[in-house]
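Below is one structure; the comments refer to it alone.
Readers should treat all values here as calculations from the given coordinates under stated rules, not as data from a laboratory. A quick note: this is a predicted structure, and the numbers were derived from the prediction, not measured. For neighbour counting, all protein chains shown are included, and Cβ atoms are generated from backbone atoms with ideal geometry for every residue, glycine included.
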Amino acid sequence: MKAIDNKELIMALEELEKEKGIKKEYVIEAIETALVTAYKRNFDANENVKVVIDKLTGETHLYAVKEIVEAVEEPNLQISKEKALEISKKLEIGDTVDIELAPKNFGRIAAQTAKQVIIQKLREAERNLVYTEFNDRKGEIISGIVQKADTGSLIIDLGKLEGIMPIKEQIPTEKYKVNDKVKGYVMDVVRGNKGIPQAIVSRASGNFVKKLFEFEIPEIYEGVIEIKSVARDPGSRCKIAVYSENPNIDPVGSCVGQKGVRIQNIINELSGEKIDVIEWNEEPSTYIASALLPAQVMAIDVKTEEKFAQVIVQDDQLSLAIGKAGQNARLAAKLTNWKIDIKSETQFREMIQNASAENNDEETNIEE
């Protein structure tokens, strides 16, 4: 039966394959499945049916699939052997036979269904293209316009897709308004409702700072200077460790720039977040001492296997080394991936004296 304008259907599917890369066979299978559902819904049928569309001509056929039995109990699902033999002498009991149906108005339903499926597959293809494009941009910085800022998570218009910035990925000190332009780091691209792609964007991630440094510092972009580690309290303070194999390059000075001009753009983008740029060193004690800047360290005792460092500072440097609410020490530990215990000179002397006194007591007890 000619339920659809066959030539138009095939031409549309071939155009779809050529322009959007959607395989004709894939769409035909989807239309066939949709037509079975449409038939059962519109004709209230409990038959076992199938639809076959000729891939060359577009001609559509609807069949009732019936099992050949000796005695028919369910006419919608079964056919007698006697009637089946009228179709083909080779058929046996237990075989199935396809009996073509031609219900009234099914041609119109088929045409509508085919159109809906094609539109649906076209949308899916466009979404897949957008998903692939932005999935390849994971790990990049992207700009967009704030659409919603009153729901906790920010909703950002990124052009071809929507960006989501969850609360935990926002800088706590920043306030956003609708139509604000905002930059963020693309953490992931996911499929949201109805398969619509969404980008998960962050401004709180350490990777956001890394990418800002790559953008602003040519030596980092070119690979002459390497970022070894980043530790952040977003909106408050950030420590970043940099290194260069070239002995003629000062990695810290290159990142900061003359009079801080290079790093200032990064600080501005981070809404005034303080940034400590330190030089990475393979020697743990040197690296840890640098990580605790601006505090000055007197001595460090490291236990390499445990990745534990006992740090001694002058009394007037203790609060600076620990930082407000322990921030400086916490960021230094995160940056170096070492456990760091900080003691003032006085505290350390008292600790030694107490340990010595305990040893003396133990020796006295032994002698007694």
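Note on VAL65 and LYS89: their simple-model spin labels are 2.8 nm apart, each label 7 Å out from Cα toward Cβ.
Compared with the dominant Cα axis of the chain, that is its longest principal axis, helix 24-43 is turned about 60°.
Which FRET efficiency value, to the nearest 0.05, do you get for ASN193 and GLU29 by plugging their Cβ-Cβ distance into 1/(1 + (r/R0)^6) with R0 = 22 Å?
Efficiency at R0 = 22 Å is approximately 0.35.
Mean-square fluctuations from a GNM of the chain, with a 10 angstrom spring cutoff on Cα atoms, peak among ASP276, ASP44, ASP98 at ASP44. Among ILE118, ILE28, ILE145, the ranking by other beta carbons within 10 Å of each residue's beta carbon, starting with the fewest, stands as ILE145, ILE118, ILE28. Here GLU214, GLU29 are placed in order of increasing Cβ neighbour count within 10 Å, fewest first, which gives GLU29, GLU214. For region 6-133, the spherically averaged projection of the C-alpha convex hull amounts to 9.6 nm². Annotation note: trypsin sites (Lys or Arg not before Pro) in region 149-258 located in DSSP loop regions with a Cβ neighbour count of at most 16 within 10 Å are LYS160, LYS175, LYS177. Under a Gaussian network description of the chain, with springs only between Cα atoms under 10 Å, the residue in ALA299, ALA231, ALA84 that fluctuates furthest is ALA84.
How much of the calculated P(r) for the chain lies past 36 Å, in percent of all Cα pairs? When all Cα pairs of the chain are counted, 55 percent exceed 36 Å.
With R₀ set to 25 Å, the beta-carbon distance separating LEU293 from SER271 gives a calculated FRET efficiency near 0.65. Site pair LYS7 and LEU129 shows an inter-label distance of 2.8 nm when each label is modelled 7 Å from Cα along Cα→Cβ. Under the simplified labelling scheme, the LEU320-GLN353 pair shows an inter-label distance of 2.6 nm, with each label point 7 Å from Cα along Cα→Cβ.
The long axis of helix 206-216 is offset from the longest Cα principal axis of the chain by roughly 80 degrees.
Placing a label point 7 Å from the Cα of ASP157 along the Cα-to-Cβ direction, the residues of region 165-190 whose backbone N falls under 13 Å from that point are 178-182. The LYS177 and LEU122 beta-carbon pair, evaluated with R₀ = 56 Å, returns a calculated FRET efficiency of approximately 0.95.
Taking the chain as a Gaussian network of alpha-carbon nodes connected by springs under 10 Å, the highest mean-square fluctuation of the residues VAL51, VAL277, VAL209 belongs to VAL51. Loop-located GluC sites (Glu not before Pro) across region 242-278 with a Cβ neighbour count of 13 or fewer within 10 Å are GLU245, with loop assigned by DSSP.
With both residues required to sit in the chain, DSSP beta bridges show an antiparallel share near 70%. Over all Cα atoms in region 38-106, the spread is summed up by Rg and Dmax: 13.3, 39 Å. Each residue of region 91-108 was assigned a 3J(HN,Hα) from its phi angle through the Karplus curve 6.51 cos²θ - 1.76 cosθ + 1.60 (θ = phi - 60°); the sequence is 6, 10, 4, x, 6, 10, 9, 9, 10, 6, 10, 9, x, 5, 6, 5, x, 5 Hz, with glycine and proline shown as x. Considering every alpha-carbon pair of region 137-202, the percent of pairs per 10 Å bin, from zero through the bin containing the longest distance, is 23, 60, 17, 1.
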